[in-house]
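Please read the structure below before turning to the comments.
Only the coordinates and a few stated rules stand behind these numbers; no lab work does. Bear in mind the structure is a predicted one, so any value in this text is a computation, not a measurement. When we count neighbours, we look across all protein chains shown, and the Cβ atoms used for this are built from the backbone with ideal geometry, even at glycine.
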Amino acid sequence: MPGSYKTEAVVLRSIRFGEADRVLHLYTEDRGRVGAMAKGVRRIRSRLGGRLEPLSRVRLVLHEGRGELCTVSQADTVRAHAVLREHRASLERASQACEAVLRLFDSGEPNRPAYNLLCNELFLLDSHPGLATRAQALAFRLKLLLAAGFAPELASCAACGDSEHLGAFSPSAGGVVCAGCEAGSFPLDEHAHRFLVTALARPLGEAPEAPERALSQADRAIAETVEYHAHVRLRRVY
C-alpha cells in the first residue's frame with residue numbers, strides 16, 4: 001500500500017528530469033533496486049542539496065505512491081565518498097562497481113550480501129585510492145557474481161568433475177573445464193585460474209595481483225559468465 005518508509009541506499013545513477021528534478025536509481029539495503037524522484041533537487045536552495053550524488057551512501061525517507069517511482073522526502077549522508085571523487089582511477093572503479101550492480105540486480109528483491117559488498121568497495125576506494133587497480137575491480141565483480149548466485153566452478157571440471165588438467169574455461173558449462181571437455185571453451189592459464197580462486201577466497205581489500213595476460217583471461221571468464229547466465233553484458237575492465 002502507498003506510504004512512507006525509511007531505508008539506506010547507494011545512489012547508482014542520477015538522471016536530470018524536467019527543470020529541477022532528478023530520477024535516481026538506488027540500490028537499497030532492504031528493498032533491492034528502487035527508482036525514486038528527487039523533486040527540486042537541482043535548485044540552489046533545495047534542502048536535499050548535494051546529498052543525492054551518484055556513489056553516495058545515504059539514509060532516506062521515501063514515499064511510495066501509485067506510480068513506479070518513489071519520492072524522496074528526506075536524505076541524510078552516511079558517506080559521501082568525497083576522497084575517491086578526487087582520484088580519477090578510484091572514481092572510474094567506483095562507477096564501474098555501481099554500473100555492475102545496476103545491471104546485475106534489477107529487481108525489488110533485497111540482496112544484503114550484494115549491498116554490503118558495494119558499500120565495502122566504495123569505502124575501500126575512498127579510504128585507499130591505491131586499491132583502484134584492475135585486479136581489485138575484477139575481484140569485486142567475482143564476489144558480486146557469488147552474491148548473485150552465478151559464481152563459476154573453479155575447483156574441478158564444471159562438465160565432468162575431474163580435478164586434473166584444468167586449462168580452459170567454459171561459460172556455458174559454468175566454470176573451468178578439463179582437456180576432455182574443452183569444446184566451446186577458451187584458454188585459462190594457471191595464473192588466471194589461481195587469481196580467480198584467490199580473489200574469491202580473500203577479503204575484498206586483499207585482492208591478489210597477477211600478470212596482465214592472466215587478468216585479461218579472468219576478465220573474459222567473468223564477463224562471459226555474466227552474459228551467458230545472467231543475460232547481462234558488462235563493460236570489460238581495463
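Please give the length that would be gained between Ser73 and Val23 if that part of the chain were fully extended, namely 0.36 nm times their separation in residues minus their C-alpha to C-alpha distance (nm, one decimal).
Full-extension gain reported as 16.6 nm.
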Loop by DSSP (not H, G, I, E, B), at most 15 other beta-carbon atoms within 10 Å: where is the longest site-free stretch of the chain for GluC sites (Glu not before Pro)? 69-163
What is the Cα centroid distance between the stretch 160-211 and the stretch 1-47, reported in whole angstrom? 40
Approximate spin-label separation Glu8-Arg42, in nm, with each point projected 7 Å along Cα-to-Cβ: 3.1
Which labelled figure in [x] 34, 18, 15; [y] 37, 19, 13; [z] 28, 22, 15 is semi-axes √(5λ) of the Cα gyration tensor in Å, once derived from the coordinates: [y]
I'm a student and want to see the number: the projected area of the Cα convex hull of the stretch 129-238, averaged over all directions, in nm². 6.4
Simple spin-label model, 7 Å along Cα-to-Cβ: Ser156 to Ser107 in nm? 3.0
Taking only complete DSSP H runs, can you tell me which helices of the chain stretch 20 Å or more along their own long axis by Cα positions and average at least -0.5 on the Kyte-Doolittle scale? 88-104, 112-127, 134-148
With the 8 Å Cα cutoff and a minimum separation of six or more residues, the stretch 84-230 has a relative contact order in percent of 22
Nearest-5 percent of antiparallel DSSP beta bridges in the stretch 39-178? 90
Extension gain (nm, one decimal) between Ser95 and Arg202, 0.36 nm per residue minus Cα-Cα: 36.3 nm
Ellipticity estimate at 222 nm from DSSP helix runs (n ≥ 4, -39,500 (n - 2.57)) divided over the chain, nearest 500: -10000 deg cm²/dmol
Can you compute the modelled spin-label distance between Arg88 and Leu146, with each label point 7 Å from Cα toward Cβ, in nm? 3.3
Residue separation between Glu209 and His165 times 0.36 nm, minus their alpha-carbon distance, gives in nm 13.5 nm
